[in-house]
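Below is one structure; the comments refer to it alone.
The values are calculated or read from the model by the stated rules, or taken from the named source; none is laboratory data. Values in this document were obtained by computation on a predicted structure and should not be read as measured data. Backbone-built Cβ (ideal geometry, glycine too); neighbour counts: all protein chains shown.
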């Protein structure tokens with residue numbers, strides 16, 4: 001399947017586990033956790049082909065797997081490399097900006113009044 005293409009970092013998993021054990025306020029991406037435990041997840045054989053493809057996409061999003069594009073400064077020659085995203089609809093890295101845009105669109109539609117839920121008991 002895709003297990004051979006996902007690079008599992010046991011040292012990285014140790015860092016995650018230590019941080020969680022210490023109660024530290026670290027922010028981990030979904031891909032970090034899948035990289036740490038993905039071998040077990042894929043090894044169960046319980047994922048469909050589509051689910052395995054999604055796991056592969058999330059883990060490899062913004063890595064060399066999907067290529068990159070580079071920008072070069074004309075003045076100093078400094079090179080900025082940006083890795084391409086997977087564009088999978090389930091990927092939190094790719095869909096974060098879309099989610100924020102949708103949320104802002106919905107918020108702009110709200111009327112400037114206090115909202116409440118009135119629940120009248122006993123009326124059927």
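Say whether the condition of being surrounded by 11 or more Cβ atoms within 10 Å (Cβ to Cβ), over 14 Å from residue 31 (Cβ atoms) and touching a residue at least 40 places away in the same chain (Cβ under 8 Å) is met by at least one residue in region 53-76.
yes
Would it be correct to say that residue 44 is at pLDDT 80 or above and under 15 Å from residue 88 (Cβ atoms)?
No.
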